[in-house]
Amino acid sequence: MTNFPANEQVIQVIYLVASALFILALKWMNSPVTAQRGVWAGEIGMVLAIGGTLLNQGIVDYKWIAIALVLGTIIGIPLGLVQMTAVPQRTALSHAFGAFCVTLVGIADFYLRTPNIPRFVMTVLSLEVILGSLTFTGSLMAAGKLQEVLPQRPLTYKGQNLVNLTLLAVAIVLAAYLVLHPGATLLFPFIVGIPLVFGVLMVIPIGGADMPTVISLLNSYAGLSAAAMGFVLDSKLLIIAGALDGSSGFILSVIMSKAMNRSFTNILFGAFGKVQISATNEAEVKPVRSATAEEAAAILAAANTVVVVPGYGMAIAQAQHKVRELYDALTRRGVDVRFAIHPVAGRMPGHMNVLLAEANIPYERLIEMDDINEEFPQTDVALVIGANDVTNPAARTDSASPIYGMPILAVDKARTVMVIKRSMSPGFAGIDNPLYYLDKTLMLFGDAKSFVNDIVHELAGGGRN
Amino acid sequence: MGSNLIDALFIFMLAAFIGFEVIRRISPLLHTPLMSLTNALDAIAVTGAILMVGEQKSTFSLVLGTLAVIAATSNVVGGFLITDRMLKMFKTSRPKKP
C-alpha cells in the first residue's frame, strides 16, 4: 500500500493529459482540414485513459476485463464499418450502448454501496440511472425507427404528454424519497424501470423528420448521464468528457430546433413530433407542369448557376453517386453547381454533408442555408432531389401552415425550379407544398436515382452530338 | 466529501463552458462526424466499468461491469472507426496542402 499514492498520482496525470486531448479533439473538429488530427487526439487520449485505468491497484483480476475489451472490439468493428446511409441508426444505437454502460455501472454501484450512500452521491446516482435508462430505451426506439424495424409513423394519443411527464415525475419523486430515506432500497428498481418505459414512450410520437432533434437530444442525455457517473465515481475525466458530450448534444439540439422552428421548452420535454396534421382538406386537384429527363437536361445545360437541394429522399434512393455524376457532367460544361444544405435535411445533423462527401463532392460546394438563401434570386435552376418541407414557401407565407415560421431554403426565388419526386403525394408530415404549383416549377416524376441517371445520359448524349 | 463535491461541480461547469465555446465554432458540415466523435469520447465511461470489473467486489457487479465494458468498448472502437472513415471522405477541390 505504500506506493499506492504515487501510483494514483501517475494515473491522475494520465487522465489530465487525456482530458486535454479530448478538448483538443473537439477543437480540431472545427475545420475539415484539421478534423483528422482531432480523431487522432481523441484516440490517443482514449488509449491513455484506458491504459491508466488498468494501472489501478484496486484491480485484482484482469481476465474479465480482457474478455470484455476483446468482445467489445469485435462488436465495435462492424459498427464502425456500416454504410454511410445507415449512420443515423448507428449513431442512435451507440447512444443506447453508452447509456447501457452508464446505467449498468450505476446499478452495480448502488447495490455495492447501499445503504451507506451519502445523500449527494445518491442524488447524482439517481440522475445517472434515470438519464441512462431513458436514453437507453429511447435510443433503441430511435434506432429501430430509423432502421425501419419499427413503424416510422408517429404514434400519438390524447394526454400523451401528461402520461409521459407523470411517469418521469414519479421516477424523480421516488428517487428523492430514496435520497432522504436510504433504507428504502426496494424503490431502486423502479427508479431504473420507470425511465426505461419513459424512454420508449418518449420516442413513440416522433416521426422521421424530427429525428435530427431527437438524436441530438439523446446525445446530450447520454453525455449528462456519463457526467453524473463521474460525480458518483469521483472521476474528473468522466465529468469532463460527459460535460463535453452533453454540451455538444445540447448545442446540436438547439440548432436543430431552431431549424424546425420549435421552442426550447418543446425540446426539453421531448414534446416534439407535433407536425403531423391531417391533409384531408385538399379536395381540388391543382395543375402542375411536368417535364421529361431530356427537357430537364436541356434546361440544366443552358444554365449558368445550378443549386441542388438534397433531402432524405436522395438518401433513401441512394442517389448521391448519381448526383455526383450530374455534378461532374454540368461542371464540365462550365455550369456552376452548388448544394444547399438545410440543417434538418436527412435524419441527423449533417447527414446530407456526409452522403455528398461520400460521393466525392468537394465540401466547399456544400453551402449552408443562410449563405445560399441570398443567392437563390441569382440562381438559374434550383434542382430539388428528395426534399420537401424544407423547401415549402408556406413556411414563409401561410400562417395557418403547421410549419409556418420554419426557416426554409428559398428555392422559389430561383428563376426555374425542378423537383424530382415520385408522385404528387404530400411528404412525411402530410403538408402540401405550394412550390409545386408555381409557374416556374417543373415536376420531374420518378425515382431520384434513375431520373438523375437519365438526365446524366441526356447530357452525355447532347455533348457528343 | 464536501470539498470534493464542490471541486467536481467546478470542473463540470468549466468543462461545459469549454464544450459550448469549442462546439459552437464547429461547422455544420461536420456535425455528423462530431456526433460520432463525441460518442466515442463519451465511452470514456469504460474506465469506470473497467475498475468495477477488476475490483470484483461481487458477482453481480462483475457481470454488470463486464457487460458495461463490452458496450462502451464497442462505442470506442466503432465511434473512432466511423469518424475516421467519414472525415477521409471530406475532400476539397482546391489545390491546397492540408
Test of understanding: among A:Ile372, A:Ile408, which residue is more than 14 Å from chain B (Cβ to nearest Cβ) and under 29 Å from A:Arg289 (Cβ atoms)?
A:Ile408
If B:Lys57 satisfies every condition in (1) assigned to a helix (DSSP H, G or I); (2) within 7 Å of chain A (Cβ to nearest Cβ) but one, which is the exception?
(1)
Taking only segment A:303-331 into account, find how many residues are part of a helix (DSSP H, G or I) and touching a residue at least 60 places away in the same chain (Cβ under 8 Å).
11
Take A:Ile77 and decide whether it is surrounded by fewer than 23 Cβ atoms within 10 Å (Cβ to Cβ), modelled with pLDDT of 95 or more, at the interface with another protein chain (Cβ under 7 Å from one of its Cβ atoms) and under 30 Å from the mean Cα position of the chain (by Cα).
yes
Taking the conditions exactly as written (surrounded by fewer than 23 Cβ atoms within 10 Å (Cβ to Cβ) and among the hydrophobic types (A, V, I, L, M, F, W, C)), does A:Val129 satisfy them or not?
no
How do the pairs read when you match residues in segment A:20-45 that are within 7 Å of chain B (Cβ to nearest Cβ) and in a loop (DSSP other than H, G, I, E, B) with residues anywhere that are aromatic (Phe, Trp, Tyr) and buried (at least 17 other Cβ atoms within 10 Å of the Cβ), using Cβ under 8 Å and keeping only pairs 6 or more apart or on different chains?
A:Pro32/A:Tyr363; A:Pro32/B:Phe90
Considering residues of segment A:189-234 that are facing chain B (nearest Cβ under 10 Å) and free of Cβ contacts under 8 Å to residues at least 24 places away in the same chain only, the residue nearest to B:Pro28 (Cα to Cα)
A:Ala227
Quick check on A:Asn360: is it facing chain B (nearest Cβ under 9 Å) and more than 20 Å from the chain's Cα centre (by Cα)?
yes
Positions within segment A:356-409 being crowded, with 16+ Cβ neighbours inside 10 Å and hydroxyl-bearing (Ser, Thr, Tyr), in sequence order
A:Tyr363, A:Thr379, A:Thr391, A:Ser401
Quick check: anything in segment A:102-113 crowded, with 22+ Cβ neighbours inside 10 Å, aromatic (Phe, Trp, Tyr) and closer than 22 Å to A:Ala228 by Cβ?
yes
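Let's see how each residue does on (1) surrounded by fewer than 24 Cβ atoms within 10 Å (Cβ to Cβ); (2) more than 7 Å from every other protein chain (Cβ to nearest Cβ):
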| residue | (1), (2) |
| --- | --- |
| B:Ile11 | yes, no |
| B:Ala15 | no, no |
| B:Glu21 | yes, yes |
| B:His31 | no, no |
| B:Leu37 | no, no |
| B:Ala43 | no, no |
Looking at segment A:150-158, can you tell me whether even one residue there is assigned to a helix (DSSP H, G or I) and of a type outside the set (Val, Ile, Thr)?
no
May I ask you to verify whether A:Gly98 is more than 9 Å from every other protein chain (Cβ to nearest Cβ), within 24 Å of A:Ile215 (Cα to Cα), touching a residue at least 24 places away in the same chain (Cβ under 8 Å) and not basic (Lys, Arg)?
no
The correct count of residues that are out of contact with any Phe, Trp or Tyr (no Cβ under 6 Å at 6 or more places or on another chain) and under 15 Å from B:Ile82 (Cβ atoms) in segment A:350-371 is 6
A careful count of residues in segment B:1-54 that are out of contact with any helix residue (DSSP H, G or I) (no Cβ under 7 Å at 6 or more places or on another chain) and assigned to a helix (DSSP H, G or I) gives 12
Being at pLDDT 95 or above and within 7 Å of chain B (Cβ to nearest Cβ) narrows it down to one of A:Gly58, A:Gly72, so name that one.
A:Gly72
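The values are calculated or read from the model by the stated rules, or taken from the named source; none is laboratory data. The structure presented is a predicted model; accordingly, all values stated were derived computationally and were not measured. Methodologically, a virtual Cβ is constructed for each residue, glycine included, from the backbone with ideal geometry; neighbour enumeration extends over all protein chains shown.
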